[in-house]
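The structure under discussion appears below in the form of structure tokens.
The values are calculated or read from the model by the stated rules, or taken from the named source; none is laboratory data. This one's a predicted model, so the numbers in the text were calculated from it and none came from an experiment. Positions of Cβ are generated from backbone atoms using ideal geometry, with glycine treated the same way; all protein chains shown enter the neighbour counts.
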Amino acid sequence: MATRLFMARRFSTGAIAGAAALALAACFGHSNRYHDKNMDFGSITAVAVMPFANLSRDSQGAERVRDVFSTALLSTGALYVVPQGETVRALSKVGVANPAAPNVEETMKLGPMLKAEAIITGVVKEYGEVRSGGATSNVVSVSVQMLETSTGRLVWAGASTKGGVTFADRLLGGGGAPLNDVTEVAVDDLLDKLFK
């Protein structure tokens with residue numbers, strides 16, 4: 001009987017240690033960014049940010065995230081961001097069917113017209129309030145891609161999800177951070193991934 005108890009404890013301790021190691025490996029092993037190792041990012045001086053696709057419930061979510069992203073990217077001083085009006089004009093001239101996801105040929109036509117070495121596309125997956133039990137909070141989930149305009153190939157991609165209901169929100173019933181603050185945190189995370 002004592003041997004079974006000892007083995008059961010040993011098994012449960014081993015199982016817990018194994019589960020913890022697996023969880024830790026999942027945290028460190030997962031990367032939600034891509035950098036083309038053959039790309040010279042120093043050659044990119046100007047980018048155009050395309051309208052983002054919107055999969056969220058908020059009809060203006062994609063435009064809000066795009067605006068914060070464009071402003072934050074420009075404020076780094078590392079790249080010139082083509083004004084949105086110029087981008088819209090070029091999209092119209094080229095006749096891009098889906099501005100959120102231009103094909104290779106359209107990307108290559110947009111480059112010289114915008115005088116940009118790259119374009120950035122994106123998808124807003126979540127934008128707004130989430131609920132868990134009696135607690136609510138704001139969440140933003142966005143992924144962006146950079147396409148080189150001379151070849152139309154994908155050279156960088158990143159994703160970020162920020163906000164959501166935390167343990168403290170559930171415990172204390174807090175409402176979380178304002179939506180624009182959560183958006184800025186998600187965008188800052190994306191820019192950190194871009195410039196690393």
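When the residues of the range 134-166 are narrowed to those that are at pLDDT below 90 and outside any loop (DSSP other than H, G, I, E, B), which ends up nearest to residue 50 (Cα to Cα)?
Among those that are at pLDDT below 90 and outside any loop (DSSP other than H, G, I, E, B), it is 137.
Name the residue that is surrounded by the most Cβ atoms within 10 Å (Cβ to Cβ), counting only residues in the range 6-34 that are under 20 Å from the mean Cα position of the chain (by Cα) and modelled with pLDDT of 50 or more.
By that ranking, first place goes to 33.
Need a quick list: helices (runs of 4 or more DSSP H) entirely within the range 60-125 having at least 2 residues that are within 20 Å of the chain's Cα centre (by Cα) and within 16 Å of residue 143 (Cβ to Cβ).
Filter on the range 60-125 gives 61-75.
Listed here are the residues, each with its yes/no results for (1) farther than 30 Å from residue 117 by Cβ; (2) modelled with pLDDT under 95.
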site: 3; (1), (2): yes, yes
site: 36; (1), (2): no, yes
site: 51; (1), (2): no, no
site: 75; (1), (2): no, no
site: 89; (1), (2): no, no
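Can you give me the number of residues within the range 125-152 that are more than 20 Å from residue 184 (Cα to Cα) and either outside the structural domain of residue 70 (by TED's automatic domain parsing) or in contact with a Ser or Thr (Cβ under 9 Å, 6 or more places away or on another chain) (or both)?
Matching residues across the range 125-152 total 7.
Examine the range 75-89 for a residue that is among the hydrophobic types (A, V, I, L, M, F, W, C) and more than 26 Å from residue 192 (Cα to Cα), and state whether such a residue exists.
yes
List the pairs whose first member sits in the range 132-146 and is crowded, with 24+ Cβ neighbours inside 10 Å, whose second member is of a type in the set (Lys, Arg), and whose Cβ atoms are under 8 Å apart, counting only residues at least 6 apart or on separate chains?
As it stands, the answer is 140/162; 142/125, since those pairs meet every condition given.
So the check is Cβ under 7 Å with 6+ separation or different chains; which pairs have a first residue in the range 39-60 that's assigned by TED's automatic domain parsing to the domain that holds residue 109 and a second one that's of a type in the set (Lys, Arg) and not in a helix (DSSP H, G or I)?
If the second residue must be of a type in the set (Lys, Arg) and not in a helix (DSSP H, G or I), the pairs left are 46/115; 55/125; 56/125.
Tell me, please, whether a residue that is closer than 20 Å to residue 54 by Cβ, surrounded by 14 or more Cβ atoms within 10 Å (Cβ to Cβ), touching a residue at least 24 places away in the same chain (Cβ under 8 Å) and touching an Asp or Glu at 6+ places or on another chain (Cβ under 7 Å) can be found in the range 98-106.
Checked the range 98-106: no residue is closer than 20 Å to residue 54 by Cβ, surrounded by 14 or more Cβ atoms within 10 Å (Cβ to Cβ), touching a residue at least 24 places away in the same chain (Cβ under 8 Å) and touching an Asp or Glu at 6+ places or on another chain (Cβ under 7 Å).
I need a count of the residues in the range 147-168 that are surrounded by fewer than 19 Cβ atoms within 10 Å (Cβ to Cβ) and free of Cβ contacts under 8 Å to residues at least 40 places away in the same chain.
Number satisfying all stated conditions: 5.
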